[in-house]
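Values in this text are rule-based calculations from the coordinates and carry no lab data. Quick caveat: nothing in here was measured; it's all calculated off a predicted structure. Quick reminder, even Gly has a Cβ in these numbers, built from the backbone with ideal geometry, and neighbours come from all protein chains shown.
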Amino acid sequence: MAQAATDKGLQLLGITEHGPGIPGTIDPIYFRNLWTIPRKMYGVELLLGSELNIIDYKGNVDLGEEYLKRMDICIAGLHSLCYTPGTVEQNTSAVIGAIRNPYIKIITHPGDGTAVLDYEPIVLAAKEHHTLLEINNSSLDPYREKETAPDNFREILCLCKKYHQPVILGSDAHISFAIAKYDLIYPLLAETEFPETLIMNDKLEAFKAYIKQ
Ligand SMILES: [Zn+2]
């Protein structure tokens, strides 16, 4: 993954293995061992951590603080394998609960359609708590796409534009070939005339400063 990122000209790569709620993911002991991995490989800087699972309507996640505090970056999202969708209020409260968690810096694929969400309070909470929302390429892939995904991400982009809330584009690459693949997001950015200044991917120092706060 690091070599592929370098080959594509990236300066920084985030690798966030799924938390234990997803069947078949790594054992939690993996996260205790992240200290052994160099944070620069093949010329690319690495941020290592976890994509945590939001597991209830309060926004609790599937690893405790003893793990979260050891990671370079924690991100969190809803996954149907370990989240039971509730009402729109319950789902929205689940995501906002995760946004309020000071260890969580990015909410992954909030538009993927796993649960029905009310995006305005989510964008406002993200702004208040200094959390990024991810615009996820993989969720827009016709192979995986739920029919609401394009409209959801379009609405998130419009709200982020309205409230001057930055976003991060995510390839959600589960294989090296997909790193930095954002082809399905570009039409949505064009359609919503989303300001380039609010996209964090190519603003390395601003991104690092953002996730430190
Ligand atoms: Zn995910």
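Below are the figures for this structure:
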{"quantity": "Whichever residue in segment 77-103 is in contact with a strand residue (DSSP E or B) (Cβ under 8 Å, 6 or more places away or on another chain), assigned to a helix (DSSP H, G or I) and of a type in the set (Gly, Ala, Ser) and, among such residues, is farthest from the ligand (Cβ to nearest atom)", "calculated": "Gly97"}
{"quantity": "Looking only at segment 169-213, and only at residues there that are hydroxyl-bearing (Ser, Thr, Tyr) and within 23 Å of Ile73 (Cα to Cα), the one that is surrounded by the fewest Cβ atoms within 10 Å (Cβ to Cβ)", "calculated": "Thr197"}
{"quantity": "Pair list, Cβ < 8 Å and 6+ apart or interchain, from segment 19-34 residues that are aromatic (Phe, Trp, Tyr) to residues that are part of a loop (DSSP other than H, G, I, E, B)", "calculated": "Phe31/Leu63; Phe31/Arg70; Phe31/Met71"}
{"quantity": "Residue selected from segment 30-60 under the condition over 19 Å from Tyr103 (Cα atoms) and hydrophobic (A, V, I, L, M, F, W, C), by the criterion surrounded by the fewest Cβ atoms within 10 Å (Cβ to Cβ)", "calculated": "Ile37"}
{"quantity": "Selected residue (criterion: surrounded by the fewest Cβ atoms within 10 Å (Cβ to Cβ)) from residues of segment 124-143 that are part of a helix (DSSP H, G or I) and within 14 Å of the ligand (Cβ to nearest atom)", "calculated": "Ser138"}
{"quantity": "For Ile106: the one exception among (1) in contact with a helix residue (DSSP H, G or I) (Cβ under 7 Å, 6 or more places away or on another chain); (2) part of a strand (DSSP E or B)", "calculated": "(1)"}
{"quantity": "Any pair with Cβ under 7 angstrom, 6 or more apart, that starts in segment 116-144 at a residue that is over 16 Å from Glu51 (Cβ atoms) and ends at one that is of a type in the set (Asp, Glu) and more than 15 Å from the ligand (Cβ to nearest atom)", "calculated": "Tyr119/Glu155"}
{"quantity": "Test: residue in segment 6-20 that is on the phi > 0 side of the Ramachandran plot, surrounded by 13 or more Cβ atoms within 10 Å (Cβ to Cβ), more than 13 Å from the ligand (Cβ to nearest atom) and part of a loop (DSSP other than H, G, I, E, B)", "calculated": "no"}
{"quantity": "Residue satisfying all of: in segment 61-76; within 16 Å of Arg100 (Cβ to Cβ) and within 16 Å of the ligand (Cβ to nearest atom); surrounded by the fewest Cβ atoms within 10 Å (Cβ to Cβ) among these", "calculated": "Val61"}
